[in-house]
Amino acid sequence: MNVAVDCHMVASPHPGDAGNARYAVALTRALQATGEPEDRVTALVTNTDAAREVGPGVAPVLVSDSAPLRLTRDAGRALRSVRADAAVFSYVAPPRPVCPTLLAVHDPTFLTNPEWLDRRSRVILGTLGTRSARRARAVLALSDTAKADICAALALDPARVHVVSPYAAPAFAPAGGAAERVLARWALDRYVVTVGDIGPRKNLASLAAAVGMLGDPSIELVVVGRAGVDAEEILASTRARWLGPVTDAELADLYRAAAVTAHPARYEGFGLTVLEALACASPVVAAATGALPEVVGDAGILVAPDPPSIAEGLRAALEPATAARLRDAGPARAARYSRRTMGEAAWRAVRAATA
């Protein structure tokens with residue numbers, strides 16, 4: 001069987017694509033690693049940088065970086081040229097698919113909380129995304145929580161929705177020397193780090209207020225990620241230090257050296273950055289919202305997404321004995337999500353969709 005995965009977001013310079021791109025890369029690699037000898041994996045990419053990033057063994061096919069051209073013209077041509085038996089797209093699929101289509105939907109917030117998105121995304125996802133999900137042979141959700149929420153928001157039969165969770169890339173693992181590298185690179189010593197595209201959903205203002213409530217001027221709030229909706233206004237109101245996007249190696253060091261990784265998002269369909277932090281043995285404080293409790297389990301501290309509750313969680317995580325317990329628990333928790341578990345779940349979904 002030949003499965004094609006739309007990886008157009010990989011190596012894209014546009015904001016808001018980071019999580020989708022990471023999932024697409026993880027999915028292609030997981031399918032490649034766990035398929036039968038006769039199975040093949042193809043990646044639809046927009047440039048040679050993306051082709052290199054999806055990894056060896058995955059055949060790349062170039063498509064336009066223009067969404068209308070890619071979806072209405074190039075995707076169909078590419079799928080025919082490789083004789084794809086199935087294809088996986090994220091959120092929006094070609095209107096006239098040439099093979100069974102599976103659609104990855106990370107979360108349903110484009111319907112439940114459209115105010116968190118820019119106008120263009122609201123229009124595209126609210127119309128084309130909804131149509132694509134209802135027309136797809138199968139939908140991929142990233143967690144059990146997201147599956148239930150997607151089914152409710154889109155009125156989908158749960159039998160058509162398969163949970164295919166991502167995993168932390170190999171770069172995210174415990175390693176020595178991180179504190180020294182972070183100090184040399186950014187002059188950071190004691191800090192709370194939060195990671196993700198900057199926008200209303202990430203609840204950055206509440207986190208900044210919580211850090212202020214600690215009353216410890218030696219603790220700095222550090223933000224990593226791309227600018228999203230209202231990013232300039234959000235950052236201006238927090239006095240956080242924004243590092244912008246960083247490499248995976250740099251991000252892993254920032255997790256390892258952090259006093260705490262905080263993720264007080266109002267909703268997540270999975271929470272890959274939290275999983276990466278756990279894999280790096282960072283103490284984690286996360287909001288008890290969406291799928292975050294499902295991912296974190298008892299390896300982190302779960303809090304309500306308001307400043308006093310977040311501050312209480314941060315204080316607990318900064319306590320040395322608790323921090324040591326969380327650092328020990330994180331990698332084992334993260335190991336529950338692996339390339340093999342993702343690939344096997346994805347192949348089950350593909351084979352069910354093409355049966």
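Near V222: Cβ cut-off under 14 Å, other residues only, Lys/Arg at +1 and Asp/Glu at -1. The net charge is +2. Taking every alpha-carbon pair in segment 178-334 and binning the separations at 10 Å intervals from zero gives 12, 46, 38, 4 percent. With K and R counted +1 and D and E -1, the other residues having a Cβ less than 13 Å from that of M213 yield a net charge of -2. Determine which residues of segment 84-120 fall in the zone a paramagnetic label at A152 would reach in this model, i.e. backbone nitrogen under 20 Å from the point 7 Å along Cα→Cβ. Residues 105-117 qualify, since their backbone N sits under 20 Å from the label point. Neighbours of V58, meaning other residues whose beta-carbon lies under 11 angstrom from its beta-carbon, give a summed charge of +2 when Lys and Arg score +1 and Asp and Glu score -1. Highest GNM mean-square fluctuation among T194, T341, T101, for the chain modelled with Cα contacts below 10 Å: T341.
Here the Debye sum runs over all C-alpha atoms of the chain as equal scatterers in vacuum, and log10 of I(q)/I(0) at q = 0.09, 0.15 Å⁻¹ comes out as -0.48, -1.29.
Restricting segment 169-207 to trypsin sites (Lys or Arg not before Pro) that sit in a DSSP loop and have at most 15 other Cβ atoms within 10 Å of their own Cβ leaves R190. Relative intensity of segment 1-146 on a log10 scale, I(q)/I(0) at q = 0.14, 0.21 Å⁻¹, equals -0.62, -1.46, per a Debye sum over C-alpha point scatterers of equal strength in the absence of solvent. At q = 0.19 Å⁻¹ the log10 of I(q)/I(0) for segment 67-142 amounts to -0.77, computed by Debye summation with a single uniform scatterer per C-alpha, solvent ignored. Can you list which of the trypsin sites (Lys or Arg not before Pro) found in segment 221-272 are DSSP loop residues with at most 15 other C-beta atoms within 10 Å? Sparse-neighbourhood loop trypsin sites (Lys or Arg not before Pro): R239. When the Gaussian network model of the chain links Cα atoms closer than 10 Å, the mean-square fluctuations of S90, S165, S309 top out at S309.
In this label model, D189 and E319 are separated by 2.5 nm, measuring between points 7 Å along each Cα→Cβ vector.
Values in this text are rule-based calculations from the coordinates and carry no lab data. From a predicted model like this one, the values you see are computed outputs, not experimental measurements. Here Cβ is always computed from backbone atoms with ideal geometry, including for glycine, and neighbour counts include all displayed protein chains.
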